[in-house]
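Written out below as C-alpha cells is the structure these notes cover.
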Amino acid sequence: MENCIFCKIVRGEVPGMKVLETERTLAFMDIARDVDGHILVIPRKHCKSILDCDEVTLGHLMETVRLVSRHLTDHCGYDGVNLLNASGESAGQSVPHFHIHIIPRKSGDGLDTWPSLPGAQHPLEETFRRIAMK
Ligand code: 5GP
Ligand code: ZN
C-alpha cells in the first residue's frame, strides 16, 4: 500500500528498529516510548487487521510473535508478555496495517496493561445466545 506507514517500513523507505526480520513478517520497536521494550509485529503483506488477514499470513505473524516473545523471556530478562491488538477504528486501531503489540513484562513491574471495563449491561445467557456460532 502506497501510503501505509508500516508498508513504508517494510520497503525500507521509513527507518524502523528491526528486532527480527523473517520472509513474511517484521518485528520492530514501537516509537511510542510508553514502556521499555514495546515491539510491533506485522506481516510484510498489507492487510488491515485480523478481520481481513488470510490464514497463512496469520500463521506466519503469530509464529513471529511467539519467536520474539520467547526471545524476550529467554534472553532479555523478562518473565512474560502481554499481546495487544486493536482491529478496526472502533477498537482503537490507529495504523490500518495489521499489527500485534508485544509488551514485555517482569514480575512486580507494576504495569497495568489490562483495560478497566465498565461492566456488562445484559445477562450473560442473553449475550451468549446472540453471539454463539451455530
Ligand atoms: P494501534 O493504535 O494501531 O494499535 O497502534 C499503532 C502503533 O504504531 C502505536 O503504538 C504507535 O506508537 C506506532 N507507530 C505509529 N507510527 C509509527 C512509526 O512510524 N514507526 C513505529 N516504529 N511505530 C509507529
Ligand atoms: Zn501496510
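Descriptive notes on the structure:
- Rolling a 1.4 angstrom probe over segment 49-134 with all protein chains present gives an accessible area of which 57% lies on carbon and sulfur atoms.
- Karplus-derived 3J(HN,Hα) values for segment 111-116, using 6.51 cos²θ - 1.76 cosθ + 1.60 with θ = phi - 60°, are 5, 10, 9, 9, x, 8 Hz; glycine and proline are entered as x.
- Residue-normalised accessible area of segment 44-84, given per residue in Å² at a 1.4 Å probe: 62
- Taking 0.36 nm per residue of separation and subtracting the current Cα-Cα distance, fully stretching the chain between Ala132 and Leu84 would add 14.9 nm.
- Point-charge dipole on Cβ atoms (K/R +1, D/E -1) for segment 8-134, about Cα centre, debye to 20: 260
- Protection-proxy order for peptides 109-119, 36-46, 70-80, each taking the mean of Cβ atoms within 10 Å per residue, highest first: 36-46, 70-80, 109-119
- Under 24 Å from the Cα of Lys18 - lysines, other chains or at least 8 residues apart: Lys8, Lys45, Lys48, Lys106
- Here segment 1-55 is treated with +1 on each Lys and Arg Cβ and -1 on each Asp and Glu Cβ, and its dipole about the Cα centre works out to around 160 debye.
- Evaluated at q = 0.18, 0.21 Å⁻¹: base-10 log I(q)/I(0), Debye formula over Cα of segment 22-125: -0.93, -1.14
- Computed from backbone phi, the HN-Hα couplings of segment 37-54 come to x, 5, 10, 10, 10, 10, x, 5, 6, 6, 9, 6, 6, 4, 6, 10, 8, 6 Hz, rounded to whole numbers (Karplus: 6.51 cos²θ - 1.76 cosθ + 1.60, θ = phi - 60°; Gly and Pro given as x).
The values are calculated or read from the model by the stated rules, or taken from the named source; none is laboratory data. Since the structure is predicted, the reported quantities are computational estimates derived from the model, not experimental observations. All Cβ positions, glycine included, derive from the backbone under ideal geometry; neighbour counts span all protein chains shown. Remember, those area values only see protein heavy atoms, side chains included, never the ligands or the DNA or RNA. Shrake-Rupley method; radii C 1.70, N 1.55, O 1.52, S 1.80 Å.
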